[in-house]
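This report refers to the structure that appears directly beneath it.
The values are calculated or read from the model by the stated rules, or taken from the named source; none is laboratory data. All values derive from a computational prediction rather than experimental measurement. Every residue, glycine as well, gets a Cβ built from its backbone with ideal geometry; the counts of neighbours run over all protein chains shown.
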Amino acid sequence: MNVEKSLQKEELKQRILRLKKEKKAVILAHYYQQGDIQDIADHIGDSLALAQYAATLEDAEIIVLCGVHFMGETAKLLCPGKKVLVPDAAAGCSLADSCPAEDFAAFIKEHPGHMVVSYVNTSVGVKALTDVLVTSGNARKIIDSLPADAKIIFGPDRNLGNYINSQTGRQMVLWDGACHVHEQFSLEKILELKKEHPGAKILVHPECRKQLVLVADAVGSTAALLDYARKSDAKEFIVATESGILHQMRKDCPEKTFIPAPPNDSTCACNDCSYMKLNTLQKLYDCLLNETPEITIDPALAEAARRPIERMLELS
Ligand code: 13P
Ligand code: SF4
């Protein structure tokens, strides 16, 4: 990067920090955000930590959620009296999109007597149909806390659902959805990498397909994978999740090597979530300055959508 550009970037960061103070705003960022955004956030975390942190914010007047839309909605549901902003309103989620609320309602109707457990990567409409939400960080614990004979529908991620079924011995009925980033990783290329780096540990997010989970040394949320990397004695890691997490891994463990797992098609930038990467420092600055785009929730759905999030936080 040339000197002028990096000066502009530093100036932008200083302006964001000044505005944030003036407006009593708090910046929350997911681990998949670009590094510059992670570096100036007040708090970075996985989906669970961001929801838990939002729920504790009392003094802030504005929350800026640097992540994807459903994360902003979760923060708004937990903090209805605060202004919740996102840098780019178009930052959606292919997994949430794979489960339209009307279709999910029909699926629930086809399975009478089932509890509905949903992954937090869902629309407000799907949350409103849900008994309890989970994230990848607490899914196992929450499913384990449900009655042993409970019949359960799990949506929308079939890979996370299959993983939880394998860990808990449950036979949850799964919605057939998936994330376009995590479905892309190539088992063959990961195994080739492992041959070149025999000491490397393979870190896999549970949104990945089963064949990857089977070769993993650690399976977990972004925060859990980061924690594993920090504590492990290994020096090399092959990381099968969105590339943004590498920033924090490299920052926290500068003496270790993190190798992004290759996607099937090596000509694409499939390790990047195109939605997460819509957010930029400039958009973060603009959104704080203009206080837009703001997250609003359909009042007819808010109460029903908040309940499963609160239940999740109680059980976490
Ligand atoms: P985490 O909750 O593990 O951070 O995952 C969020 C997500 O969107 C994964 O694709
Ligand atoms: Fe959604 Fe996948 Fe992006 Fe996560 S990585 S926000 S699941 S599209």
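Things worth noting here:
- Listed by first and then second residue, the pairs linking a residue in region 163-184 that is more than 26 Å from SER243 (Cβ to Cβ) to a residue that is assigned to a strand (DSSP E or B) and more than 16 Å from ligand 2 (Cβ to nearest atom), with Cβ atoms under 6 Å apart and 6 or more places separating them unless they lie on different chains, are MET172/ILE152; VAL173/ILE153.
- For region 257-290, a residue qualifies if it is within 24 Å of VAL26 (Cβ to Cβ) and loosely packed, with under 14 Cβ neighbours inside 10 Å, and the qualifying residues are GLN282, LEU289, ASN290.
- Condition broken by THR130, with the remaining ones in (1) closer than 30 Å to LYS235 by Cα; (2) more than 16 Å from ligand 2 (Cβ to nearest atom); (3) touching a strand residue (DSSP E or B) at 6+ places or on another chain (Cβ under 9 Å); (4) at pLDDT 95 or above satisfied: (1)
- Which listed residue is surrounded by 20 or more Cβ atoms within 10 Å (Cβ to Cβ), away from ligand 1 (no atom under 13 Å from the Cβ) and under 16 Å from TYR285 (Cα atoms), from ALA29, ALA25, ALA54, ALA75: ALA25
- As a summary of the residue check, LEU278 satisfies the conditions (1) under 30 Å from ALA105 (Cα atoms); (2) in contact with an Asp or Glu (Cβ under 6 Å, 6 or more places away or on another chain); (3) of a type outside the set (Ser, Thr, Tyr) except for the one numbered (1).
Let's see how each residue does on (1) modelled with pLDDT of 95 or more; (2) under 14 Å from the mean Cα position of the chain (by Cα):
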| residue | (1), (2) |
| --- | --- |
| LEU57 | no, no |
| CYS66 | yes, yes |
| MET71 | yes, yes |
| LYS76 | yes, no |
| LEU85 | yes, no |
| ASP97 | yes, no |
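- Residue check for THR130: buried (at least 21 other Cβ atoms within 10 Å of the Cβ), within 15 Å of ligand 1 (Cβ to nearest atom) and among the β-branched types (Val, Ile, Thr): no
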